[in-house]
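Notes follow the structure.
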Amino acid sequence: MPKIVDGKEFYLAHEVAKVAGISKQTLLRWITEKRVKDAAKRDRNGWRLFTEPEVEAISRFAQDGA
């Protein structure tokens, strides 16, 4: 379920991974390896907050570029 911040929807890393059909560990590894972009925003706890376009880009990479 997306998190609402300032009226905008954001997705947590585990939600992005689920949508993309990968594990959260794979997503974090891809970010570390700079294969996909990291989330541009973080919440007050430091958790990554991904926008819908970021989720779509990661999903495309998971399907085409992995």
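The values are calculated or read from the model by the stated rules, or taken from the named source; none is laboratory data. Quantities reported herein were computed from a predicted structural model and do not represent experimental measurements. Here the Cβ positions follow ideal geometry from the backbone for every residue, glycine too, while neighbour counts run over all protein chains shown.
Here are a few things to note about the model shown:
- Those residues of the stretch 39-53 which are touching a strand residue (DSSP E or B) at 6+ places or on another chain (Cβ under 8 Å) and not in a loop (DSSP other than H, G, I, E, B), in sequence order: K41, R42, R48, L49, F50, E52
- Check on L12, surrounded by 12 or more Cβ atoms within 10 Å (Cβ to Cβ), modelled with pLDDT of 95 or more and in contact with a Phe, Trp or Tyr (Cβ under 8 Å, 6 or more places away or on another chain): yes
- Every residue from the stretch 1-38 that is of a type in the set (D, E), under 18 Å from G65 (Cβ atoms) and in a helix (DSSP H, G or I): none
- Single unsatisfied condition, L28 versus (1) touching a Phe, Trp or Tyr at 6+ places or on another chain (Cβ under 9 Å); (2) surrounded by 14 or more Cβ atoms within 10 Å (Cβ to Cβ): (1)
- In the stretch 33-66, residue farthest from the chain's Cα centre (by Cα) [restricted to those that are closer than 15 Å to K3 by Cα and of a type in the set (D, E)]: D43
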